[in-house]
Amino acid sequence: MRKSFFIYLFFALLLVACGGNRKECMQNDEWIFAPPAGVEVDTVSVDIMDIENPFICYEREDDCYYMVGDGGFMWLSNDLRNWVGPYDVLDQDTTSWIGASPVITSPEIHRYGGKYYYMATFERPDVVAVGADEKPFVRRSCVALVADDIKGPYRTIDRNSKLLVESEMAAHPTFGIDYLGASYMIYTHQGEQNGNGTVQIIRFSDDLGRRIGEAYVMFSAKDNVWSGKTIDGVRNFSPVMEAPCLFITDEKEMGILFTSYVNGEKALGVAYTQTGEYGYNGPWVVEQLPLLTGNVGSASIFTDYDGTKVLAVSKDTVICGVEKSVPQLYKLDMQFDKLKIEGHYKF
């Protein structure tokens, strides 16, 4: 009886200690950057947050979750339910093609080679480029910034590098590594420009600042059998193919989540390679049905504190008459050759 009591007491004290550490991490962490100008740091419940393209990662060293999304700011949490922020973590070179005041969307943070890389879409509203179809569009492309700490500051790697073809309207970058350790950026050439949104891949230089070779297409919106809108019994495919998110199942099968449209609403789809864990070359096959529907998309996958795989998506939701992009979390089963959603994540 006494032995059981002491065992219980030990774990109770351990739980309190862990809880204390997580609280300290959230409230007393020293940030290099202040909040955005005119904005106060606040604690917001994930249920009412308005953040599109949420990307979450967990750092075991400090037992904290970090989230970035459109706008380029960072939030942190100790429980995934309550988030503190926003914090400004970018210090990019304004003399590079990014410019002084870019619109930042679809950011991700990846740890590679002992450093942290912030990959995002940077849009220049003041610059107009012309694509292959001769139509003008706002300059939009992808690049990686680097920092020694997950909290930044994230700085330009090579101010002279444009990484991607300048005329290409590119967005939604994500990160991949092959069996030799070489690094790649997977992104989308957007359907607004080419009429058939494509998921493409290009190899990074060792410092992730420049490209090696040229990009090639992995698959396109026309390969997506469920997309589009049915009119008079005829399905017109959607040219939208956005937000690729790489994953590998426990059976070493590689897949990509993506966002497209079905009957006018955002939906989440998935494609699988036919050549295993490092099968970037494909061939890629899109699943016959979407994984999630109902105006959800922009998926990312992370691992929580106890090893559970979690899917984060943004869902277009009206709260008190205001439309927001609210993060939603789902528990994943990845133990077989295909990803499965087990239900909403339980905090």
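We did not get these values from a lab; they are worked out from the coordinates using the rules stated. Just so you know, these numbers come straight off a predicted model, no measurement behind them. In this analysis, Cβ positions are derived from the backbone assuming ideal geometry, glycine residues included, and neighbour counts consider all displayed protein chains.
General remarks:
- Restricting the calculation to alpha carbons of the range 80-132 gives Rg and Dmax of 14.4, 45 angstrom.
- Charge tally around Lys315: other residues with Cβ under 12 Å, Lys/Arg +1 each, Asp/Glu -1 each, net -4.
- Positive dipole terminus of the chain, leading residue within Val318, Trp284, Thr105 (C-beta point charges): Trp284
- Residue by residue, the range 262-267 carries 3J(HN,Hα) couplings of 9, 6, x, 10, 5, 9 Hz when phi is fed to the Karplus relation 6.51 cos²θ - 1.76 cosθ + 1.60 (θ = phi - 60°); x denotes Gly or Pro.
- Ranked list, fewest to most other Cβ atoms within 10 Å of each Cβ, for Cys245, Cys57: Cys57, Cys245
- 0 to 90° range, to nearest 10: angle between helix 2-28 axis and the chain longest Cα axis: 50
- Computed helical MRE - 222 nm, the chain, DSSP H runs ≥ 4 contributing -39500 (n - 2.57), nearest 500: -3000 deg cm²/dmol
- Measuring nothing but how far apart in sequence close Cα pairs (under 8 Å, 6+ apart) lie, relative to its length, the chain scores a relative contact order of 13 percent.
- P(r) of the range 202-262 over all Cα-Cα pairs, binned every 5 Å from zero, in whole percent: 4, 15, 16, 16, 18, 15, 9, 5, 2, 1, 0
- Nearest-20 debye value, the chain charge dipole, Cβ charges on Lys, Arg, Asp, Glu: 500
- Residue-wise HN-Hα coupling along the range 279-284, computed from phi with Karplus coefficients 6.51, -1.76, 1.60 (Hz; x: Gly, Pro): x, 4, 6, x, x, 9
- Based on alpha-carbon atoms, the Kirkwood radius and the radius of gyration of the range 118-177 give Rg/Rh equal to 1.03.
- Hz values of 3J(HN,Hα) by residue in the range 98-103 - Karplus curve (6.51, -1.76, 1.60), Gly and Pro given as x: 4, x, 7, 9, x, 7
- Over all directions, the projected convex hull of the C-alpha atoms in the range 171-215 averages 3.4 nm² in area.
- Hydrodynamic analysis of the chain uses the Kirkwood radius over alpha carbon pairs. Inserted into Stokes-Einstein at 25 °C and 0.890 mPa s, it gives a translational diffusion coefficient of 116 µm²/s.
- Dipole of the chain, positive direction: furthest Cα of Phe55, Ile212, Thr273, with charges on the beta-carbon: Thr273
- Placing +1 on the Cβ of every Lys and Arg and -1 on the Cβ of every Asp and Glu, with nothing else charged, gives the range 189-347 a dipole about its Cα centre of roughly 260 debye.
- Residues Trp226, Trp83 arranged by fewest to most Cβ contacts within 10 Å: Trp226, Trp83
- Nonlocal amide H pairs with Arg210, under 5 Å, H built at 1.01 Å: Ser205
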